[in-house]
Amino acid sequence: MKIGIVCYPTYGGSGVVATELGKALAKKGHKVHFITYNEPVRLDRFHENIFYHEVSALDYPLFQFQPYESALASKIVDVVKFEKLDLLHVHYAIPHASAALMAKYILREENIHIPFITTLHGTDITLVGRDASYLPVVAYSINNSDGITAVSESLKRDTLLYFDIKKPIEVIPNFIDFSRFKKTNKDHFKKAIAPNDEKILMHVSNFRKVKRVEDVVRMFDLVLKKMPAKLILIGDGPERIGVEMLCRNLGNCDQVRFVGKQEAVEDLLAIADLFVLPSESESFGLAALEAMACEVPVISSNAGGIAEVNINGETGFMSEVGDYEDMAKNAIYILEDAERLRKFKQNALKQAQRFDLDVILPHYEAYYAKVCGNTGWVEYNI
Ligand code: GMT
């Protein structure tokens, strides 16, 4: 098939899922056209079946806000026509679904039919999309998508709760590429970070409020009172300064390391004993899945779709949002017994295998075929 993928090119769940999906589809012989305002960060090397089309929005002094949605819709029209795409797959509803819908309507005037699938990722529904400033457009463009997928059952429920959706939503969960995310020996990192064999706790996020990174630091502080430990915080974002201040106030800065955005997260996950994800809202929790693939158990909140990934008492533990004391208690329980920790690590890997890319990718391909009605794209099929 010739597939157009519209996504955010930045670090972050939806962009990562879209890019990894595109790369996997390209490997299977599909021609994948990324349509974004920057080259996606995970699109790091040349592949003969991957193409990149940059959306450039003309700036003009009149614009207080650049009309990106119009520029994107125009680019989609151009790429669909010129590259003769069979299908568009847009990730994160805002503003990608409405831009795709506008492009679809424009192309219809020229008798070109382009189906599009909208994949809902999380905050496009739970936080931003349901805000009155976007809701009518988001609801309309989801309802007029040719296919809708959500990354978890929980997100599907939330979508039906917040919007009047008239079409079926297919749940296709996030996936993991085990050729990249697996436990490897990084003893030299471990020695550098935890020279006295301290337990290593880890957190990866975009440091937005919804991630509750302060809870990570607070729970870690309680763990520290029971055993020697180190905390590695990966990522960057608006909350980072507040989190750094909290470490100073708690006096645990020597045990906490902020490493910023990292390309090779898997190299750091290889030395972690526990992953901490206390989010207030989380449609799936791809970061937790990446940790589990590297055999790292998860201490998390029970928000949203996390329960579909982290199995309470098996692959880690879940607590109520904000209950960092319970999170610390659970962390200590796992870490204080070597055999218990080993078992949790084993379970984490086993659970992650359910989300293997090779298992999930065929679901997307089958859904593409269903949405395209098995017509119109067969000639390009490999
Ligand atoms: O977590 C974020 O803030 C990034 C966000 C995104 O859309 O880029 O992630 C969302 O999509 C991921 C991939 O589907 C999910 O694994 C995350 O759980 C989800 N984040 C939230 O729901 C907060």
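Each value in this text was obtained by applying a stated rule to the coordinates, not by laboratory testing. In this text the structure is predicted, and so the values were computed from the model without any measurement. Because the Cβ atoms are built from the backbone with ideal geometry, glycine has one as well, and the counts that use them run over all protein chains shown.
Quick one: which residues, 5 or more positions from ASP356 or on another chain, have an amide H under 5 Å from its amide H? H modelled 1.01 Å from N in the peptide plane, none for Pro or chain starts.
So ASP356 has HN proximity to ILE176.
When the dipole is taken about the Cα centre of segment 187-355, and only Lys, Arg (+1) and Asp, Glu (-1) are charged at their Cβ, what size is it in debye, to the nearest 20?
With only Lys, Arg, Asp and Glu charged at Cβ, the dipole is about 160 debye.
So which aspartates and glutamates can LYS84 reach, going by Cα to Cα under 20 Å and dropping same-chain residues fewer than 8 places off?
GLU48, GLU54, GLU109, GLU110, ASP146, GLU365, GLU379
Under 5 Å between amide H atoms, partner at least 5 residues away or on a different chain: which partners does LYS230 have, H built in plane at 1.01 Å?
It is LYS199, ILE200, LEU201, by chain and number.
Take the Cα gyration tensor of segment 187-355, multiply each eigenvalue by 5, square-root it, and list the three semi-axes largest first, rounded to whole angstrom.
The equivalent ellipsoid of segment 187-355 has semi-axes of 20, 18, 16 Å.
So what's the net charge close to VAL210: Lys and Arg +1, Asp and Glu -1, counting the other residues with Cβ under 10 Å from its Cβ?
After counting each charged neighbour, the total is +1.
Would you mind pulling out the separation of the Cα centroids of segment 219-284 and segment 123-189, in Å?
Using only Cα atoms, the two centres lie 26 Å from each other.
Amide H neighbours of ASN302 under 5 Å, counting only residues 5+ apart in sequence or on other chains, H built in-plane at 1.01 Å?
Correct list: SER319, VAL321.
Identify all lysines with a Cα-Cα distance to LYS81 below 17 Å; exclude those on the same chain that are fewer than 8 residues away in sequence.
Once the sequence-local lysines are set aside, what remains near LYS81 is LYS2, LYS31, LYS104.
Using a Cα-Cα cut-off of under 28 Å, which lysines could be cross-linked to LYS225, ignoring same-chain neighbours fewer than 8 residues away?
Once the sequence-local lysines are set aside, what remains near LYS225 is LYS186, LYS190, LYS191, LYS199, LYS209, LYS211, LYS329, LYS343, LYS345.
Please list, in order along segment 73-88, the HN-Hα scalar couplings obtained from phi with the Karplus expression 6.51 cos²θ - 1.76 cosθ + 1.60 (θ = phi - 60°), rounded to whole Hz, x for Gly and Pro.
Listing the rounded values in order: 4, 4, 5, 4, 4, 4, 5, 4, 5, 6, 8, 6, 5, 8, 7, 10 Hz.
For the chain, what relative contact order do you get, as a whole percent, if you take Cα pairs closer than 8 Å and at least 6 residues apart?
14 percent
So what J values fall out for segment 324-334 if you push phi through Karplus, 6.51 cos²θ - 1.76 cosθ + 1.60 with θ = phi - 60°, rounded to Hz, Gly and Pro as x?
Those phi angles translate into 5, 5, 5, 4, 5, 4, 5, 5, 4, 4, 6 Hz.
Nearest 500 deg cm²/dmol is fine: what mean residue ellipticity at 222 nm does the chain get from its DSSP H runs of n ≥ 4 alone, each adding -39,500 (n - 2.57), divided by its residue count?
-12500 deg cm²/dmol
Scan the chain and report its longest stretch carrying no GluC sites (Glu not before Pro) that are both in a DSSP loop and have at most 16 other Cβ atoms within 10 Å.
111-262
Let me know the charge dipole size of the chain about its Cα centre in debye, to the nearest 20, where only the beta-carbon of Lys, Arg (+1) and Asp, Glu (-1) is charged.
With Lys and Arg at +1 and Asp and Glu at -1, about 440 debye.
For the chain, what proportion of DSSP beta bridges, expressed in % and rounded to the nearest 5, is antiparallel?
0 percent
Kindly write out, for segment 12-29 in residue order, the coupling ³J(HN,Hα) from the Karplus curve 6.51 cos²θ - 1.76 cosθ + 1.60 (θ = phi - 60°), rounded to whole Hz, with x marking Gly and Pro.
x, x, 5, x, 5, 4, 4, 5, 5, 5, x, 5, 5, 5, 5, 4, 7, x
Go ahead and run the numbers for FRET between VAL41 and GLU336, Cβ-Cβ distance against an R0 of 51 Å, rounding to 0.05.
0.85
Counting Lys and Arg as +1 and Asp and Glu as -1, what is the net charge of the other residues whose Cβ lies under 11 Å from the Cβ of LEU101?
Counting the neighbours of LEU101, the net charge comes to 0.
State which stretch of the chain is the longest one without any exposed chymotrypsin sites (Phe, Trp or Tyr not before Pro), exposure meaning a DSSP loop state and at most 10 other Cβ atoms within 10 Å.
66-382
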